[in-house]
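A.B. asks: Quick one: structure below, then a few questions.
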Amino acid sequence: MVWNENKFLKELDYLLHLAGADGAQADGKLLYNAVSKAVVADLYADWEENRRRKTRRCGYFSAEFLIGRTIFSNLLNLGILGEVRAALATRGIAIESFEEVEDAALGNGGLGRLAACYLESAATQNIPLDGYGLRYRYGLFKQKFVDGYQKEEADDWLKWGDPWSVRKESERVRVDFADYSVYGVPYDTPVIGYKNGTVNTLRLWQSEPIDAFDFSLFDEMKGEEIAIDNFNATKITAVLYPNDNTDEGKILRLRQQYFMVSASLQDIFKKQKEAGRCLTKLDGDFVFQLNDTHPVLAIPECIRLLEREGIAFDEALGICRKLFHFTNHTIMAEALERWNGEMVKRVLPQIWEIIEKLQKTAEKEGIGDGARAIVKDGVAYMANLAVFVCGKVNGVAEIHTEILKKSTFKDWYTAYPQKFVNVTNGITPRRWMLLNNPKMSAEITARIGEGWQTDLPQIEKLKTFVTDGEFRDAFRRIKTENKRRLSAYIRRHEGVDLPENFLFDVQVKRLHEYKRQLLNALSVLYIYNGIKKGEIKNFKPTAFIFGAKAAPGYYNAKAIIKFINEIAKRVNTDLSVADKLRVVFVQNYNVSYAEKIVCAADVSEQISMAGMEASGTGNMKFMLNGTVTLGTMDGANVEICEEAGVENNYIFGARVEDIETVKKTYSPKEILEKNTRLKACVESLADGTFEDGEGMLKAVYDSLLCGKEADKYLVLYDFESYMRAKFRVNEDYGTEEFVTKSLMNMTKAGKFSADRSVREYAEKIWEL
Ligand SMILES: *Cc1c(COP(=O)(O)O)cnc(C)c1O
């Protein structure tokens, strides 16, 4: 895109004029919309050109895209962020005012953020990848704390408008359920490559009623029916399910999933036919990646649509085998989707028939049994359906893919070893370095030149500067500035003061027992007690920063939030430790908050029980921004250590190969008998130490000590080795050695660019 300030300002004035406002007096929303639209107008030619290209394209099907704020990243990628800032300044407008704009939080956490990173990286690598998903009216809930308890509020992300998207009324399609039909109306958002002119598309479907208002029906006294249909139709994309790594099996969720894949495939089929292309050769023009099981209904839907064109089941299945590929994101049983057959039959009878046919086909091939059953006792197992049909099945980090082969999909791996591949997750260095840490980025570019922004392994050239005093000073200075900026933000939003000379120890991610925020919380309490009693001396001042949303129905997760908030209140109001400790749980952790936090952290806590975190991507964001990891040998932490060296990180805890043996004889009570200080911390969950009107903390206590599954995630088992690692971090902080470790992580982050990930998908899976 060619930048022309006069043209931009003229367009902006015109758009503001249309909206009945001008220049500096326009309110934020008007300005945001005008600026965005002025840019979209200039983007159109590139976008249209991209659409018309006759290349084979990949459709990335995902129920979630955790996009965050678009305006800054779009301007950055167009190479006009500085120019627009300057142009607006001539009108007395500060571009920073757009930091008020809502995040598009159309996803829960890592999985949705990954999808957003992949779209950006593909556009930057000039790979023809388009996203297909749902345009939820309300995204992930907004989180507030009231008396330390999580409260959820609706996320009205459209309240600033959605000026980057284009509604394509003429491309709407009808989606039929057994009981009613709805329209799917696509909203297209440009996905802009970094300074390369490539514009791919994110197409999000919105559900709408077939008859907005049909007078003939009204005459026949069917007004009530219309109202119900309208309600049903708008309900489908009304809200994102706020569950991360759990499966609810609800009928509305089934409708969402089917609506998304049916609308996307019908749209693709229609265009294919209009272009005179043969549907039996669909794989010559398309390939589809299924992001987890949420879009797996695309397989039976594709078969249904092919059958409707007169293609026989066996041939249709053969086409699907070439078209679809599947990414698994978790090994947790409670997250592997299953659908109750009776329910599917009721709303999608044809789809259920096809699923049963797939089961019969698998049986004929001698693989539809036991752990591989697609349908068993009237329940459909979506991961099995995906593995049976898809050409490739990938895990998201080396250790995770190995677990899939050895355990989760063991029997499948025996039947189809060639299907299984690994593609380690990645993050886009544009959002997670250039945008969130511009000063550090400038220091890097000043030393190693341009190039690393789109070829991240080049960042290793910085290695020769790791010993350079000036560079180390710059790193320290910028980290401190970032901490000061975060601290000011947290003071304003959370009312807690974090001195910038404190060590910033950060754990931000969804709240889940397997991620073990409880382990971190117990350690904070342990340190607090230790300092008070004089048992812990010379502890360098530390701010423990938490951020996490809990699924609204996940009781224990909400209880852990309450526990941490209680600890924070106790510590922050105790003047005797004011020069040593601060604890804060930030409210409403989201992409924009992450951008501020990631570049200000000294330590990144990645402490899941080994084998549970498929990959993690938060760990990569911190690493790239020059942060050491305090973590277990889990997910991509393993590869982070391979790249940056274990000696430059702080690794602790049981290894994945030990877990099974440990669990056989494990007694959490025994651990507490041997560690009375830890015992006191655990007891505080049950002995009234903390205000807990709802009695939630006792549930956390019970989860650690009661029943067959007591301390399922080995919190107490790993505690001692965790504390040792945490004390080592504290000892090293502030030393030259610690700066070296931090910088070694930054210089070795090259592997974790999403550019590398999407290229691997393109080569190993999509054959683009
Ligand atoms: C990156 C990111 C995540 C994923 O974090 P993990 O530590 O990998 O679980 C979740 N939420 C947001 C807002 C993120 O930016």
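The values are calculated or read from the model by the stated rules, or taken from the named source; none is laboratory data. Treat the numbers as computed from the prediction; the structure is a model and nothing was measured. With ideal geometry, Cβ positions are generated from the backbone for all residues, glycine too; neighbour counts draw on all protein chains shown.
A.B. asks: Looking only at segment 296-315, decide whether some residue is under 29 Å from the mean Cα position of the chain (by Cα), small (Gly, Ala, Ser), surrounded by fewer than 24 Cβ atoms within 10 Å (Cβ to Cβ) and assigned to a helix (DSSP H, G or I).
C.D. replies: There is no residue in segment 296-315 that is under 29 Å from the mean Cα position of the chain (by Cα), small (Gly, Ala, Ser), surrounded by fewer than 24 Cβ atoms within 10 Å (Cβ to Cβ) and assigned to a helix (DSSP H, G or I).
A.B. asks: In segment 651-674, what residues are free of Cβ contacts under 8 Å to residues at least 60 places away in the same chain, in contact with a helix residue (DSSP H, G or I) (Cβ under 7 Å, 6 or more places away or on another chain) and not in a helix (DSSP H, G or I)?
C.D. replies: 666
A.B. asks: Quick check: anything in segment 127-145 on the phi > 0 side of the Ramachandran plot and at pLDDT 95 or above?
C.D. replies: No; the residues of segment 127-145 include none that is on the phi > 0 side of the Ramachandran plot and at pLDDT 95 or above.
A.B. asks: Further question on the same structure: Among residues belonging to segment 600-610 that are part of a loop (DSSP other than H, G, I, E, B) and of a type outside the set (Gly, Ala, Ser), point out the one that is nearest to the ligand (Cβ to nearest atom).
C.D. replies: The qualifying residue nearest to the ligand (Cβ to nearest atom) is 607.
A.B. asks: Evaluate the following for residue 461: is it part of a helix (DSSP H, G or I), surrounded by 14 or more Cβ atoms within 10 Å (Cβ to Cβ) and within 28 Å of the chain's Cα centre (by Cα)?
C.D. replies: Taking the combined requirement at face value, the residue does not satisfy it.
A.B. asks: Looking at this structure, is residue 642 in a strand (DSSP E or B), closer than 26 Å to residue 744 by Cα and not β-branched (Val, Ile, Thr)?
C.D. replies: Against the criterion (in a strand (DSSP E or B), closer than 26 Å to residue 744 by Cα and not β-branched (Val, Ile, Thr)), residue 642 does not qualify.
A.B. asks: It is to be established whether one or more residues within segment 611-623 are within 16 Å of the ligand (Cβ to nearest atom), farther than 30 Å from residue 482 by Cα and outside any helix (DSSP H, G or I).
C.D. replies: So far as segment 611-623 goes, yes, one or more of its residues are within 16 Å of the ligand (Cβ to nearest atom), farther than 30 Å from residue 482 by Cα and outside any helix (DSSP H, G or I).
A.B. asks: Exactly one of (1) touching a residue at least 24 places away in the same chain (Cβ under 8 Å); (2) in contact with a strand residue (DSSP E or B) (Cβ under 8 Å, 6 or more places away or on another chain) is unmet by residue 636. Its number?
C.D. replies: Residue 636 satisfies every listed condition except (2).
A.B. asks: If you don't mind, there's one more thing I want to ask. Considering every residue within segment 179-186, establish whether at least one is in contact (Cβ under 8 Å) with a residue 40 or more places away in the chain, within 21 Å of residue 80 (Cβ to Cβ) and assigned to a loop (DSSP other than H, G, I, E, B).
C.D. replies: Among the residues of segment 179-186, not one is in contact (Cβ under 8 Å) with a residue 40 or more places away in the chain, within 21 Å of residue 80 (Cβ to Cβ) and assigned to a loop (DSSP other than H, G, I, E, B), which makes the answer no.
A.B. asks: Would you call residue 126 in contact (Cβ under 8 Å) with a residue 60 or more places away in the chain and surrounded by fewer than 19 Cβ atoms within 10 Å (Cβ to Cβ)?
C.D. replies: Criteria met by residue 126.
A.B. asks: In segment 386-430, how many residues are over 15 Å from residue 372 (Cβ atoms), more than 16 Å from the ligand (Cβ to nearest atom) and among the small types (Gly, Ala, Ser)?
C.D. replies: So the answer is 1.
A.B. asks: Just to verify a result, which residue in segment 451-474, among those that are of a type in the set (Gly, Ala, Ser) and touching a helix residue (DSSP H, G or I) at 6+ places or on another chain (Cβ under 8 Å), is farthest from residue 758 (Cα to Cα)?
C.D. replies: Selected residue: 474.
A.B. asks: Need at least 3 residues that are more than 30 Å from residue 156 (Cα to Cα) and either polar (S, T, N, Q) or modelled with pLDDT under 90 (or both) per element, so show me which helices (runs of 4 or more DSSP H) inside segment 209-284 make the cut, counting only ones lying wholly within it.
C.D. replies: 215-219
A.B. asks: Let me ask something additional. Tally up the residues in segment 424-446 that are touching an Asp or Glu at 6+ places or on another chain (Cβ under 8 Å) and either among the basic types (Lys, Arg) or surrounded by fewer than 23 Cβ atoms within 10 Å (Cβ to Cβ) (or both), please.
C.D. replies: Total meeting the criteria: 4.
A.B. asks: Something else: Looking at 685, 716, 704, which one is closer than 20 Å to residue 514 by Cβ, in a loop (DSSP other than H, G, I, E, B) and not charged (D, E, K, R)?
C.D. replies: Selected residue: 685, the only one of 685, 716, 704 that is closer than 20 Å to residue 514 by Cβ, in a loop (DSSP other than H, G, I, E, B) and not charged (D, E, K, R).
A.B. asks: Still on this structure, I have one more. Restricting to segment 373-387, name every residue that is buried (at least 20 other Cβ atoms within 10 Å of the Cβ) and not in a loop (DSSP other than H, G, I, E, B).
C.D. replies: Listed by number, the residues that qualify are 375, 380, 381, 382, 383, 384, 385, 386, 387.
A.B. asks: If we scan segment 534-546, do we find a residue that is within 25 Å of residue 668 (Cα to Cα), in contact (Cβ under 8 Å) with a residue 40 or more places away in the chain and more than 23 Å from the chain's Cα centre (by Cα)?
C.D. replies: Yes, segment 534-546 contains a residue that is within 25 Å of residue 668 (Cα to Cα), in contact (Cβ under 8 Å) with a residue 40 or more places away in the chain and more than 23 Å from the chain's Cα centre (by Cα).
A.B. asks: Using beta carbons and a limit of 8 Å, which pairs, at least six apart or on different chains, have the first residue in segment 593-617 and farther than 21 Å from residue 67 by Cα and of a type in the set (Asp, Glu) and the second one near the ligand (Cβ under 10 Å from one of its atoms) and part of a helix (DSSP H, G or I)?
C.D. replies: Going by the 8 Å Cβ cut-off, the qualifying pairs are 613/515.
A.B. asks: Quick check on my filter: what residues within segment 546-598 are within 18 Å of residue 502 (Cβ to Cβ), within 16 Å of the ligand (Cβ to nearest atom) and aliphatic (A, V, I, L, M)?
C.D. replies: Residues satisfying the conditions are 586, 597, 598.
A.B. asks: Let me ask something additional. Looking only at segment 410-458, count how many residues are without any contact (Cβ under 8 Å) to a residue 24 or more places away in the chain and either of a type outside the set (Gly, Ala, Ser) or not in a helix (DSSP H, G or I) (or both).
C.D. replies: Number satisfying all stated conditions: 12.
A.B. asks: Residues to consider are 718, 711; find the one that is surrounded by 20 or more Cβ atoms within 10 Å (Cβ to Cβ) and touching a Gly at 6+ places or on another chain (Cβ under 6 Å).
C.D. replies: Just a single option satisfies the conditions, and that option is 718.
A.B. asks: Can you find a residue in segment 489-497 that is more than 16 Å from the ligand (Cβ to nearest atom) and touching a helix residue (DSSP H, G or I) at 6+ places or on another chain (Cβ under 7 Å)?
C.D. replies: Yes, some residue in segment 489-497 is more than 16 Å from the ligand (Cβ to nearest atom) and touching a helix residue (DSSP H, G or I) at 6+ places or on another chain (Cβ under 7 Å).
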